[in-house]
1. Given the options S22, S71, S86, state which has the largest fluctuation in a GNM of the chain using a 10 Å cut-off (strictly under) for Cα springs.
2. How do E28, E81, E4 line up, fewest other C-beta atoms within 10 Å first?
3. Please go through the residue pairs K21/K60; K21/K94; K15/K91; K33/K94; K62/K91; K10/K62 and name each one whose alpha carbons sit more than 27 Å apart in this structure.
4. Pick out, from M85, F20, F8, the residue whose Cα sits farthest towards the positive end of the charge dipole of the chain, with +1 on the Cβ of Lys and Arg and -1 on the Cβ of Asp and Glu.
5. Taking every DSSP beta bridge with both residues inside the chain, roughly what % is antiparallel (nearest 5)?
6. What does the charge dipole of the chain about its Cα centre add up to, to the nearest 20 debye, if the Cβ of each Lys and Arg holds +1 and the Cβ of each Asp and Glu holds -1?
7. Counting other beta carbons within 10 Å of each Cβ, put K11, K33 in order, fewest first.
8. With each label point set 7 Å from Cα along the Cα-Cβ vector, what nm distance links I95 and N82?
Amino acid sequence: MRPELRDFIKKIPKKRGYRFKSIYPKPEIVNLKDLEICFNEGELVNPEILLQKGLIGRIKGKVPAVKILGSGELKKKLKIENCLMSEPVKKALKIK
């Protein structure tokens, strides 16, 4: 006869495996070329404005986090708030 606790421990998955889904939502992706097309010089860029312009969509009724990637080139000066940025974007915009 085996102890009940050992039976319980044996039933618990030991590894995450291929069916694991992260409990944290991934940020929406926006590229520099999209910002170049949709925004004018000196405009503010934040998740709410990106949602209004249709570059991102809501996730479960909420405004998602946004990550800006370095695909394309940005020639305009924009004010970026509350957005994550990749390393190439930080270098291109000279942000520490």
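1. For the chain, modelled as a Gaussian network with Cα springs under 10 Å, the answer is S22.
2. On the way: E28 19, E81 11, E4 8.
In order of increasing Cβ crowding within 10 Å: E4, E81, E28.
3. Details: K21/K60 16 Å; K21/K94 35 Å; K15/K91 38 Å; K33/K94 17 Å; K62/K91 30 Å; K10/K62 39 Å.
The answer is K21/K94; K15/K91; K62/K91; K10/K62.
4. Result: F8, furthest along the dipole toward the positive end.
5. On the way: 1 of 9 bridges.
For the chain, the DSSP antiparallel bridge percentage is about 10.
6. Details: 24 positive and 11 negative charges, 165 e Å.
Result for the chain is approximately 800 debye, rounded to the nearest 20.
7. On the way: K11 7, K33 14.
With the sparsest Cβ surroundings first, the list reads K11, K33.
8. Distance between the two pseudo-spin positions: 1.4 nm.
Values in this text are rule-based calculations from the coordinates and carry no lab data. Please read all numbers here as calculations on a predicted model, not as lab measurements. Neighbour counts run over all protein chains shown; Cβ positions are idealised from the backbone, glycine included.
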